[in-house]
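J.: Dropping the structure in here first, questions after.
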Amino acid sequence: MTEAAQIADRWKGYCEDLYCDEEGKGIEQEYWEQEPTPLRSEVARAIRQTASRKATGPDEVPAELFKAGETVLDRMYRICVAIWETSEWPEEWTFSTFIPLPKKDNLKQCANYRTIALVSHASKILLRIILERI
């Protein structure tokens, strides 16, 4: 494979196979009692814990923007509460950029790379709140 389109298509297929979750498909969700909405202090803590000077996700919003002050904290808090209440994750937050990093000698095989996913920092903030509640 030498053409860029062929190589990109191969990587797409490889990553889809690598991260495919067959276990969760076809399972009906039972009713659950909704947890209380996030507290402003939880959002503030999640923002503080977000690492600075890291690569941005597909939205290209740097982590430092979320640490810019009370106005940003208030806005992010309202966004987190709205998502929590509607149970609808923003589609933009579901995208990731996968970066292959070589780990072995033969770099013509996809399996000789490890992948990292660049995810939206906004998504990471709400994910951190959920993780800390588990």
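Every number in this text was worked out from the coordinates using simple rules, so none of it is lab data. All of these numbers come straight from a predicted model, not from anything done at the bench. Cβ sites come from the backbone with ideal geometry, for glycine too, and all protein chains shown count toward neighbours.
J.: If the cut-off is 19 Å between C-alpha atoms, which lysines fall inside it for K124, apart from same-chain ones fewer than 8 positions away?
T.: K54, K67
J.: So if we plug the beta-carbon distance of C15 and A82 into 1/(1 + (r/R0)^6) with R0 = 35 Å, what FRET efficiency do we get, rounded to 0.05?
T.: It comes to 0.70.
J.: With r defined as the distance between the Cβ atoms of T115 and W89 and R0 fixed at 25 Å, what FRET efficiency is calculated, to the nearest 0.05? Intermediate results must be reported in sequence, preceding the final value.
T.: Values: r = 22 Å, r/R0 = 0.88.
Working from the Cβ atoms, E equals 0.70.
J.: Using alpha carbons only, how many degrees (0 to 90, rounded to 10) separate the axis of helix 121-133 from the longest principal axis of the chain?
T.: Relative to the chain, helix 121-133 is tipped by roughly 70 degrees.
J.: Further question: Give me the angle, in degrees from 0 to 90, between the Cα long axis of helix 4-18 and the longest principal axis of the Cα atoms of the chain, rounded to the nearest 10.
T.: On a 0 to 90 degree scale, this one is about 60.
J.: How large is the helix-only mean residue ellipticity at 222 nm for the chain, computed as the sum of -39500 (n - 2.57) over DSSP H runs with n ≥ 4, divided by its residue count, in deg cm²/dmol to the nearest 500? Each step should come with its number before you reach the end.
T.: Details: 5 runs with 59 residues, N = 134.
Rounded to the nearest 500, the figure is -13500 deg cm²/dmol.
J.: How do E132, E91 line up, fewest other C-beta atoms within 10 Å first? Walk me through the numbers before you get to the answer.
T.: Numbers: E132 12, E91 7.
Going from sparsest to densest Cβ surroundings: E91, E132.
J.: Also, quick follow-up: Scan the chain and report its longest stretch carrying no trypsin sites (Lys or Arg not before Pro) that are both in a DSSP loop and have at most 11 other Cβ atoms within 10 Å. Please list the in-between numbers first.
T.: Details: sites that count: K25, R53, K103, K104, K108.
Looking at the chain, 54-102 is the longest stretch - no exposed trypsin sites (Lys or Arg not before Pro) with at most 11 other Cβ atoms within 10 Å.
J.: Next up: By how many degrees, 0 to 90 and rounded to 10, does the Cα axis of helix 70-86 deviate from the longest principal axis of the chain?
T.: Once rounded, one gets 80 degrees.
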